[in-house]
1. Name the pairs whose Cβ atoms lie under 9 Å apart, with the first residue in segment 153-179 and within 12 Å of A212 (Cα to Cα) and free of Cβ contacts under 8 Å to residues at least 24 places away in the same chain, the second of a type in the set (A, V, I, L, M, F, W, C) and surrounded by fewer than 12 Cβ atoms within 10 Å (Cβ to Cβ), and 6 or more positions between them or separate chains?
2. Among the residues of segment 80-104, which ones are on the phi < 0 side of the Ramachandran plot and either among the basic types (K, R) or in a loop (DSSP other than H, G, I, E, B) (or both)?
3. Return yes when E10 is surrounded by 10 or more Cβ atoms within 10 Å (Cβ to Cβ), at pLDDT 50 or above and acidic (D, E) and no when it is not.
4. Which ranges mark the helices (runs of 4 or more DSSP H) fully within segment 172-236 that have 3 or more residues being within 37 Å of the chain's Cα centre (by Cα)?
5. Just to be sure before I move on: is N42 at pLDDT 75 or above, of a type outside the set (A, V, I, L, M, F, W, C) and assigned to a helix (DSSP H, G or I) in the structure I sent?
6. Only one of (1) surrounded by 13 or more Cβ atoms within 10 Å (Cβ to Cβ); (2) within 25 Å of A153 (Cα to Cα); (3) at pLDDT 85 or above is not met by I184, so which one is it?
7. Name the pairs: first residue in segment 110-138 and part of a helix (DSSP H, G or I), second residue surrounded by fewer than 10 Cβ atoms within 10 Å (Cβ to Cβ) and modelled with pLDDT of 75 or more, Cβ to Cβ under 8 Å, at least 6 apart or on different chains?
8. Could you list all residues from segment 151-175 that are surrounded by 15 or more Cβ atoms within 10 Å (Cβ to Cβ) and in contact with a Phe, Trp or Tyr (Cβ under 7 Å, 6 or more places away or on another chain)?
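The values are calculated or read from the model by the stated rules, or taken from the named source; none is laboratory data. Bear in mind the structure is a predicted one, so any value in this text is a computation, not a measurement. Cβ coordinates were reconstructed from backbone atoms using ideal geometry, including for glycine residues, and neighbour counts include every protein chain displayed.
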Amino acid sequence: MNMGSEEVNEALFGLEDEDFGEEINSRTNVTNISNGEMVVQNQRSGKMNQTTINDANKKEARERACMLITRWMYEAVIPFNAVTYPSFQPMIEAIGQYGVGMKGPTFHEGTMFMQSIDASSMIKMGEKMFELLDKWVELLELKRPHLYWTPCAAHCLDLMLEDNGKLPNIKRTLERAISLNGYIYNRSGLLNMMRLFTGQRELLRPAKTRFATAFITLSRLHEQKNNLRKMFTSSD
């Protein structure tokens, strides 16, 4: 009777104990997968959205992040439609996955090297730099008719200002401006009087490059020329 009942049970269920356990596990996995897909679908459809304190904090954090991104776009003169580029959202997600304290890339990390050469025996001259860059211009000019080479914008501007400062008229003007500036700043009484007449505005404004400082000082003297004339002609 016992053997008969075991045969009947096996015939009814069609499974042994091990097979029965595997069948239960597979059905459970299917159920879990179905539930997981349902959760994802509900999240996408908004059925499981529930306002929490964490959601409110995230909203404030997002508003602050958007404000800082917008400020950066203002300063860098980046058009607002740049956020529609396919690479924008993956960048935002990668920053969020990194977490707090991520340091942004430097401008050196954005440099792409096309070729390296051994320049140890070369003299830094414009002709040699032109020779090295000319072949790359010829290679790219069909696709990029306008190429701008700015390895260091501050250095390039400094070299331009240095060349301009060698022109006779500009050189003489700069020398006079620097002499007048030194005359004022080397005398504390005259310096205080200058600040009084200019509304606490300085004539000397240090810049990152030496020649830029000279031209900025010249510009400040031009802006304050009327106030300086009043100062030198005053009875004080």
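1. Between residues of segment 153-179 that are within 12 Å of A212 (Cα to Cα) and free of Cβ contacts under 8 Å to residues at least 24 places away in the same chain and residues that are of a type in the set (A, V, I, L, M, F, W, C) and surrounded by fewer than 12 Cβ atoms within 10 Å (Cβ to Cβ), the close pairs are C156/W149.
2. Initial filter on segment 80-104 (on the phi < 0 side of the Ramachandran plot): 80-98, 100, 102-104.
Answer for segment 80-104, where residues must be on the phi < 0 side of the Ramachandran plot and either among the basic types (K, R) or in a loop (DSSP other than H, G, I, E, B) (or both): Y85, P86, S87, V100, M102, K103, G104.
3. Working: surrounded by 10 or more Cβ atoms within 10 Å (Cβ to Cβ): yes; at pLDDT 50 or above: no; acidic (D, E): yes.
For E10, the condition - surrounded by 10 or more Cβ atoms within 10 Å (Cβ to Cβ), at pLDDT 50 or above and acidic (D, E) - is not met.
4. On the way: elements: 188-197, 210-223, 225-233.
Hits in segment 172-236: 210-223.
5. Details: at pLDDT 75 or above: no; of a type outside the set (A, V, I, L, M, F, W, C): yes; assigned to a helix (DSSP H, G or I): yes.
When the stated conditions are applied, N42 does not pass them.
6. Every listed condition holds for I184 apart from (2).
7. Pairs that qualify, where the first residue is part of a helix (DSSP H, G or I) and the partner is surrounded by fewer than 10 Cβ atoms within 10 Å (Cβ to Cβ) and modelled with pLDDT of 75 or more, are L132/I117.
8. D158, L161, G165
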